[in-house]
Each structure stands twice: as C-alpha cells, then as structure tokens.
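Below is one structure, written out as structure tokens; comments come after it.
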Amino acid sequence: MRVLMVVAALVLTSMGATRADTVDYLDLPLSNGNGEQRGGVHPDLPYDRAVLEAALNRHRAKGVAPTRFQALLWQYWIVRAAEDAGVTLADWDPQRGAEANRAVIFAVYDFYAKLYLQHPDTLRWMGFANIGAPAFAAGMLDFGTVPELRWFSSMLMSMQKHIFMDLGAMHAAYLHGGIKAVEEMRDAGIIDPDTTAAWAEPARAVMAFSSREQNLVIADQFDRMRSRLLPPGEVVTYAITVAGPMPVPGGKTPAQYRPLFGGPLPAFNYADRVARWDFLSHDTVPAYERLSKDTVQRIVRRPFADRVAEYRAAARLLDLIIPFGGDEPENGVRAGR
C-alpha cells in the first residue's frame, strides 16, 4: 500500500508540473477586447508582469507566430501601462458606478498628462487626450447620478478603458520597447500597419491616433449607445452633442461647427461616426495642433479634478440654457469659473 501511495504521489506531482510547464496562454480569444468588463482581455490571463513576460519570452525563443500569443502580448502591455498609471487592471470594472470608479477615471487622465509633460515634443497625442477629457469624465459622473442613465455612464467608462487598452498600451510599448515593440503588436494583429507607420514620427501622429481612437476603437460602442431603445439612445446622444462643450481652446462646439438652421442646436449627432470624425478632423484636432507647447502645458498642469468640475452639468447650467453663451478662453478655463 505504501508503495502504491508513493507512486500515486509521484504521478500526481508529475502531472501538476506538466500542467504548470505547459501553461502557454496561446490562441486565447479577446473576450474582453473592448474593455467593458472587469480586468484584462481574457479572464485566464494573469496580471503579474513577470509571469506574462516569461511566457512571452518562451514563445519568442521557440519562434511561435505572434498572432498565436496576441492576447498574451496585449495583456502584457496593458499591464505595463496600468502600472505606469497607478491603476490595478484586475479591479478595473466599468460596470461599477462612476463614483466607485472615480479614482481610476482621474488616474488615467493624469497619466496622459504625465506622459505629455515628460515627452512634450514626442507624445503629443497624450496632451490632446488629456485636454479633451474633462467633458468626457464629467459625462461619466453626471450620468452616473441618474439611475435611468447609468448604462450610458458605464458605456462612457468602457470607452475610456478601451482607449487606454489600445492607445495607452501602444504608448507603453513604445516607451518601454521602442518601435520594435510596436511592430510586434502589429505582427500579432493588435494594431494595423498604418498605425504602426505613424509611430515612426509620433509627434506628427495626433490626427492618425485620433482617427484610430474614433473610427476603430470606440466607434462600435458609440453606435450601441445611439441605438439603445430605453431610454432612447438617439435622444441621449443628441443631448450629449447639444451639451458638449469644447475644452480645446480655439475649437468650436458641435453647434457652432454645424448649426441646425443657423440656430443654437447642432445639425448632427456626435454618436454618428462620420459626422463625429468630420467635426474632429476639421475643427478639434486642428485647433489642438495650433496651440503652442506652453499653452498645452499650462492646461494639462491644472489639476484634472478642477477641470472636470467646470464641465459638470450643475456648473454649466447657464451654458446648457444658452448654448452660444460665450467662447472658450485661450487658457482652457471656462469664463466665470
């Protein structure tokens, strides 16, 4: 009996070691690739950077095709970006309430500001993302206070996470691994060749990265917001368009860019991907590109919480009643605040 027990123990130990040695994380689907659920891109992937890196190195050494470890590679760079931002990816859940996610929401946009300030001549898209963020974050918080609108709040928080998982991870790859790390993301099918080419000159890629963000990353999520039946997404997303301020100095509001019958209402819905990109590519992004480095730095250095407070619905009541109540000042601070 003792001999049988020893043999059984050895077999079980051997089986356990074999299972541990063969955990390769290959060919995993991107079950949370849009960031709408808690954690990373697949629930079976770890969050320990060393474990992820060891698995990647094993596959690279064996010459495994990068497409087979796509989820693993993406998870690795998302974890690196989350560490840099001071965010715990395993706990990041857009389905929680906005107030519960407030620290994460702010940490992400503070991270964008930090990267811009550290690399103002290179990572210029990060400055743009931070300047445009207060109105977006205010929408998450405001919708989160109304039970009937909390689904929309969760969708906005999912968009924030999706953008971070995509563009934030790319920036982490570029900073920690250079262009070769970005090219490996391309080879794995995480990003497309055009986006990879834009990384040759990231200082000139604000338009390219913005196009990816709006037309590839969050376009489907905006479509789903607009198509929701109860409450009507068409109404909610048009209300966002009407209320939408323009945090980029020199940029227009949607209503100023394309007024309905010449009046104070916009003639398009911001959730419409074609109309949204027309507005952003012809007005908002160029307005940012015209800003001096000193102006951008002055804006992103302001506490993010203060800028969000200026765009909360309660603070903008007059603007919402009178959409053309005033122009945005050149320092990114709303008049009367």
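The values are calculated or read from the model by the stated rules, or taken from the named source; none is laboratory data. Computed from a predicted structure; not experimentally measured. Methodologically, a virtual Cβ is constructed for each residue, glycine included, from the backbone with ideal geometry; neighbour enumeration extends over all protein chains shown. Side chains are part of the model used for accessible areas, which takes the heavy atoms of the whole protein and leaves out ligands, DNA and RNA. Shrake-Rupley method; radii C 1.70, N 1.55, O 1.52, S 1.80 Å.
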Measuring from the lowest to the highest alpha carbon on each principal axis, how far does the stretch 220-296 reach, largest first, in angstroms? 45, 29, 18
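Share of the chain's accessible area from carbon and sulfur, percent, 1.4 Å?
On the way: 8880 of 15380 Å².
That fraction is 58 percent.
With an 8 Å cut-off on Cα pairs and a minimum separation of 6 or more residues, tell me the relative contact order of the stretch 98-174 in percent. All intermediate terms of the calculation are to be shown ahead of the outcome.
Numbers: 51 pairs, mean separation 21.7, N = 77.
So the answer I get is 28 percent.
If you stretched the chain out fully between residue 228 and residue 292, how much longer would it get, using 0.36 nm times the residue separation minus the C-alpha to C-alpha distance?
Numbers: separation 64, 0.36 × 64 = 23.04 nm, distance 4.04 nm.
Contour length minus Cα-Cα distance gives 19.0 nm.
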How large are Rg and Dmax for the chain when calculated on the C-alpha trace, in angstrom? 22.5, 92
Helix 2-21 vs. the chain, principal-axis angle (Cα, 0 to 90°, nearest 10): 30 degrees
Compactness check, the stretch 189-326: C-alpha Rg relative to the 2.2 N^0.38 Å globular estimate gives 1.15
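What's the ranking of 204-216, 159-171 by average number of surrounding C-beta atoms within 10 Å, highest first?
On the way: 204-216: 18.5, 159-171: 24.6.
Most protected by this proxy first, the peptides run 159-171, 204-216.
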Rounded to the nearest 0.05, FRET efficiency between residue 317 and residue 57 (Cβ-Cβ, R0 35 Å) equals 0.05
For the residue pair residue 187 and residue 88, what label-to-label distance in nm results when each label sits 7 Å from Cα along the Cα-to-beta-carbon direction? 3.5 nm
Longest principal axis of the chain (C-alpha) makes with the long axis of helix 124-144 (C-alpha) an angle, in degrees to the nearest 10, of 80 degrees
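Would you please report the Å³ per residue occupied by the convex hull of the alpha carbon atoms in the stretch 22-158?
Considering the Cα atoms of the stretch 22-158, their hull volume per residue is 115 Å³.
By per-residue mean of other Cβ atoms within 10 Å, what is the highest-first order of 111-120, 268-277, 246-255? Can you show the working numbers first?
Working: 111-120: 19.9, 268-277: 18.0, 246-255: 21.7.
Ranked by mean Cβ neighbours within 10 Å, highest first: 246-255, 111-120, 268-277.
Test of understanding: what is the full-extension gain from residue 31 to residue 273, defined as 0.36 nm times their sequence separation minus their Cα-Cα distance?
Numbers: separation 242, 0.36 × 242 = 87.12 nm, distance 2.41 nm.
Here the answer is 84.7 nm.
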Helix-only mean residue ellipticity at 222 nm, the chain, DSSP H runs n ≥ 4 weighted -39,500 (n - 2.57), per residue, nearest 500. What is it? -17500 deg cm²/dmol
